[in-house]
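Have a look at this one.
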Amino acid sequence: MQFRDLKKQYEALKPQIDKAMIDVAASSAYIMGKPVKELEAELAEYVGVKHCVSCGNGTDALTIALKVLGVGAGDAVFVPDFTFFASAEVISLEGAHPVFVDVEEETFNISATDLESKIKETIAQGQYNPKAIIAVDLFGLPANYKALQAIAEQYDLKIIEDGAQGFGGALEGKRACGFGDIGTTSFFPAKPLGCYGDGGAIFTDNDEYAALADSFRVHGKGSFKYDNVRIGVNSRLDTLQAAILQVKFKAFKEYELDAVNKAAKLYDEKLAGRVETPVIPEGYYSSWAQYTIKLKDRATRDAMQASLKEAGIPSMVYYPTPMHKQTAHTPYGPYAEDLCPVAASLCDRVLSLPIHPYICEEDIEMVCSIVLKSAL
Ligand SMILES: *Cc1c(COP(=O)(O)O)cnc(C)c1O
């Protein structure tokens with residue numbers, strides 16, 4: 001059994017994907033070819049924003065977003081303590097100061113309550129200027145943008161939505177990656193919408209931000225390629241990846257997103273009442289980047305993972321270490337032992353099970369039988 005079966009997906013889409021790849025090879029427009037522009041328009045329309053600027057990967061998308069917002073030395077950026085390292089890494093890379101915020105036990109996403117207290121603390125300390133929030137749509141579920149927007153307005157902060165795992169999710173009918181001042185996503189193969197290598201994108205309604213992002217991704221270009229008006233990066237989405245994404249995006253919209261939601265529902269039905277299954281609050285829709293259950297403690301979780309492994313079933317611990325306990329973040333501390341208690345506890349208790357649009361009911365049944373046996 002595969003954790004995320006990309007081979008099955010390729011088999012389902014093979015004729016279209018093969019044709020798309022060969023067409024790009026024959027076109028010789030390998031950088032910024034037609035499929036890139038076409039895909040950007042398709043993605044912007046789906047997300048419901050004016051602009052999509054594609055780039056090299058999801059980490060670069062966040063870096064470019066921070067550059068667009070002018071985040072740098074002396075600025076504090078608030079980020080959840082429970083996320084993939086890249087969400088926080090980009091803050092330090094820009095010379096800004098990461099402030100780690102606890103998450104909600106139910107949704108795994110940034111806690112608005114703790115965010116406000118961390119903002120107040122930062123203001124009281126007076127060392128860094130609160131500038132932005134990087135909210136993460138963890139495991140496919142959008143963060144609580146209503147609460148976050150109210151806080152951002154009150155404290156005059158910008159919001160970046162890290163939708164690397166959230167693409168395809170929604171909140172009250174509005175699609176993920178369209179929240180905040182800038183939204184970003186990743187097309188890493190295992191993400192909800194993945195390509196065959198690295199890829200990413202930036203989303204915004206703001207014309208000025210879109211123009212800046214377009215400049216930053218190509219060495220800070222000005223009126224033309226060899227007019228460089230700011231220090232930028234080299235981060236473009238390959239034409240080949242864009243062409244592959246066009247095929248995969250069609251399948252994503254037509255049936256994959258539905259299929260992965262059906263798989264999650266099957267898991268819910270089989271596991272409900274026996275282990276803590278993921279909570280999707282009223283009005284939210286998940287794109288199920290991960291299906292993550294919670295166990296009693298680390299020993300129970302580790303024993304379950306071992307039982308699954310023995311049965312040939314892959315599972316993952318996303319994430320074993322809170323951001324503030326990562327070695328790379330030691331210079332930003334020292335941190336109190338109880339800085340983010342929920343995040344710390346989740347790191348001990350979470351387990352992500354195999355899920356993807358092509359998983360069959362028998363496989364889900366098999367995973368659940370081991371999980372339930374081990375949870376006794
Ligand atoms: C994957 C991921 C990223 C980084 O995306 P890459 O394309 O791998 O650079 C950033 N944030 C989160 C939450 C992710 O899951």
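Where the centre of each part is set by its Cα atoms, how far does the stretch 239-266 sit from the stretch 201-234, in angstrom?
Computed from Cα coordinates, the inter-centre distance equals 29 Å.
Here's a follow-up. Beyond 27 Å, what share of the Cα-Cα pairs of the chain is found? Please give it as a whole percent. Before the final figure, lay out each step's value.
Working: 34050 of 70500 pairs.
So the pairs more than 27 Å apart make up 48 percent of the total in the chain.
Another question, then. Compute the Rg to Rh ratio over the stretch 190-236 from the alpha carbon atoms, using the Kirkwood formula for Rh, and round to two decimal places. All intermediate terms of the calculation are to be shown ahead of the outcome.
On the way: Rg = 12.7 Å, Rh = 11.9 Å.
Rounded to two decimals, Rg/Rh equals 1.07.
With a cap of 10 neighbouring Cβ atoms within 10 Å, and only residues DSSP puts in a loop, list the GluC sites (Glu not before Pro) found in the stretch 252-333.
Working: sites: E254, E256, E269, E276, E282, E310; in loops: E282.
Taking the stretch 252-333 and a limit of 10 other Cβ atoms within 10 Å, the loop GluC sites (Glu not before Pro) found are E282.
Looking at this model, which pairs from K146/K174; K118/K158; K37/K250; K19/K50; K50/K221 are more than 18 angstrom apart at the alpha-carbon? Before the final figure, lay out each step's value.
On the way: K146/K174 12 Å; K118/K158 16 Å; K37/K250 16 Å; K19/K50 30 Å; K50/K221 21 Å.
As for pairs spanning more than 18 Å Cα to Cα, those are K19/K50; K50/K221.
Run through every distinct alpha carbon pair of the stretch 227-299 and return the Kirkwood hydrodynamic radius in angstroms, one decimal place.
Details: mean 1/r = 0.0622 Å⁻¹.
About 16.1 Å, per the Kirkwood formula over Cα pairs.
Tell me which GluC sites (Glu not before Pro) from the stretch 91-158 have a DSSP coil assignment and no more than 15 other beta carbons within 10 Å of their own.
Working: sites: E94, E104, E105, E106, E116, E121, E153; in loops: E94, E104, E105, E106.
Answer by residue number: E106.
With charges set only on the Cβ (+1 for Lys and Arg, -1 for Asp and Glu), what does the dipole of the stretch 292-342 come to about its Cα centre, in debye to the nearest 20?
Numbers: 6 positive and 5 negative charges, 27 e Å.
Approximately 140 debye in magnitude.
Follow-up question, since we're still on this one. For the chain, which whole-number percentage of the solvent-accessible area (1.4 Å probe, protein heavy atoms only) is attributable to carbon and sulfur atoms? Mind showing how you got there, number by number?
Details: 8500 of 15890 Å².
That share works out to 54 percent.
Using the scaling law 2.2 N^0.38 Å as the reference, what is the normalised Cα Rg of the stretch 109-213?
Working: Rg = 14.6 Å, N = 105, 2.2 N^0.38 = 12.9 Å.
Taking N as the residue count of the stretch 109-213, the ratio is 1.13.
Could you list the GluC sites (Glu not before Pro) in the stretch 158-224 that lie in coil according to DSSP, counting only those with at most 15 other Cβ atoms within 10 Å of their Cβ?
On the way: sites: E161, E172, E208; in loops: E172.
Sparse-neighbourhood loop GluC sites (Glu not before Pro): E172.
Is the stretch 54-181 best put as rounded, prolate or oblate by its Cα gyration tensor, with a ≥ b ≥ c the root eigenvalues, rounded for a/c under 1.5, and otherwise prolate when a/b is larger than b/c, oblate when not?
The shape class here is oblate.
Oh, and also: To the nearest 20 debye, what is the magnitude of the charge dipole of the chain about its Cα centre, counting +1 on the Cβ of each Lys and Arg and -1 on the Cβ of each Asp and Glu? Mind dumping the intermediate values first?
Numbers: 37 positive and 51 negative charges, 159 e Å.
Dipole of the chain, to the nearest 20 debye: 760 debye.
In a GNM of the chain with a 10 Å cut-off on Cα contacts, which of K225, K50, K158 has the highest mean-square fluctuation?
Looking only at K225, K50, K158, the biggest GNM fluctuation is shown by K225.
Can you give the log10 of the normalised intensity I(q)/I(0) at q = 0.25 Å⁻¹, computed with Debye over equal Cα scatterers of the stretch 237-343?
-1.33
Further, regarding this structure: Report Rg (one decimal) and Dmax (nearest whole number) for the stretch 20-89, counting Cα atoms only, units Å.
So, for the stretch 20-89, Rg and Dmax equal 16.2, 49 Å respectively.
Over the stretch 45-181, what relative contact order in percent results from Cα pairs under 8 Å that are six or more residues apart?
Relative contact order of the stretch 45-181: 23 percent.
Rounded to two decimal places and with Rh computed the Kirkwood way over Cα pairs, what is Rg over Rh for the stretch 173-265?
My calculation of the ratio gives 1.05.
Using only Cα positions of the stretch 145-202, each an equal point scatterer, no hydration layer, compute I(q)/I(0) via Debye at q = 0.26 Å⁻¹ and quote the log10 values to two decimals.
-0.99
Provide I355, I123 ordered by accessible surface of protein heavy atoms (probe 1.4 Å), highest first. Could the numbers behind the result be given before it?
Numbers: I355 5, I123 90 Å².
Result, largest first: I123, I355.
The values are calculated or read from the model by the stated rules, or taken from the named source; none is laboratory data. Bear in mind the structure is a predicted one, so any value in this text is a computation, not a measurement. We place every Cβ from the backbone using ideal geometry, glycine too, and count neighbours over all the protein chains shown. For the accessible areas, the whole protein counts, side chains as well, though only heavy atoms, and no ligand, DNA or RNA atoms are used. Shrake-Rupley method; radii C 1.70, N 1.55, O 1.52, S 1.80 Å.
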